[in-house]
Amino acid sequence: MNAHEIDYQIVGSEMQYVEIELDPNESVVAEAGSMMMMSASIQMQTIFGDGSDQNKGFVGKLFGAGKRLLTGESLFMTVFTNDGSSKEHVSFASPYPGRILPMDLSELGGKLICQKDSFLCAAKGVSVGIAFQRKLGVGFFGGEGFIMQKIEGDGLAFVHAGGAICERVLKPGEMLRVDTGCLVAMTQEVEYDIEMVKGIKSAVFGGEGLFFATLRGPGRVWIQSLPFSRLADRVLSASRAGGRKEEGGILGGLGNLLDGDK
């Protein structure tokens, strides 16, 4: 294996974190700002690029960093290494309510296609790059644009998704229609396309948007029940509405009086 072999434990239910156990000289790479806590013997190092082999020269590092920049990520990642003589631990927290999914890339064909911002951390040796969507429909209407994250290697990677998670194994030719924001990850053999909602009334008044994703097997897909964009829209809508003032007319106003708001 090229990637370091790491052990882990996922803790919590709605707001999870993953605790990584590192043997001496083992490392894990993570996005900046995701670290929750670490043992005293864990050393941090900022690297330039996508987290893969750092002996590939400046041009290789620059290309890896450029790929990350296209996905909206930072040019830099952080490597956490156990410099001690015994097993040590470092933990990484999820950014919003949901689930942390452990992905063993050696069992997934060495490659996983994910939505942007879903990657949390991985064993050192795993690279995080980009996957271009070749079809124009996917690029313009897919919710993630032409570019999605591509996680490659033969080690463990951890992906975060919102709400409850549904994993489906698609048979050859089997198709699944999904809201474009609900797709978390898929294996590389899954065909991904965008389909327009049929019927003008459904498209305009259905409340589900004009497009949804079509996933065709064979392959495995992971679906989230609460995309962060949907959560953010609801919070923003509630803040614009003025909180409880719009929640139920007369009863809402009575609640405000009982609470002492008026």
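Spin-label model, ASP117/GLN188: points 7 Å from Cα along the beta carbon direction are separated by 2.7 nm. Report the FRET efficiency, 1/(1 + (r/R0)^6), for MET196 and PHE76, where r is their Cβ-Cβ distance and R0 is 41 Å, rounded to 0.05. Efficiency for this residue pair is about 0.55.
Which residues in the range 31-47 have a backbone N closer than 16 Å to a point placed 7 Å from the Cα of MET15 along the Cα-to-Cβ line? Label zone hits: 34-37.
So what's the net charge close to ASP23: Lys and Arg +1, Asp and Glu -1, counting the other residues with Cβ under 13 Å from its Cβ? Neighbour charge sum, excluding ASP23 itself: -4. Label zone (GLN45, point 7 Å along Cα-to-C-beta; backbone nitrogen cut-off 17 Å) within the range 76-106: 76-85.
Summing +1 for each Lys or Arg and -1 for each Asp or Glu, what net charge is found among the other residues whose Cβ lies under 13 Å from the Cβ of MET37? Local net charge: -2.
Label-to-label distance, MET37 versus GLU107, with points set 7 angstrom from Cα along the beta-carbon direction: 2.9 nm. Spin-label pair THR214-SER239: with each label point 7 Å from Cα along the Cα-Cβ axis, the two points sit 3.8 nm from one another. If you sort the three axes of the alpha carbon gyration tensor as a ≥ b ≥ c, you get a/c of 1.5 or more for the range 147-196 and a/b above b/c, which makes it prolate. For the peptides 181-193, 114-126, the ranking by packing is 114-126, 181-193, with the highest mean count of neighbouring Cβ atoms within 10 Å listed first. For the peptides 153-159, 222-228, 3-9, 38-44, the ranking by mean Cβ contacts within 10 Å, running from highest to lowest, is 153-159, 222-228, 3-9, 38-44.
A short reminder: the numbers here are calculations on the coordinates, not readings from a lab. Quick caveat, the model's predicted, so the values are computed rather than measured. Quick reminder, even Gly has a Cβ in these numbers, built from the backbone with ideal geometry, and neighbours come from all protein chains shown.
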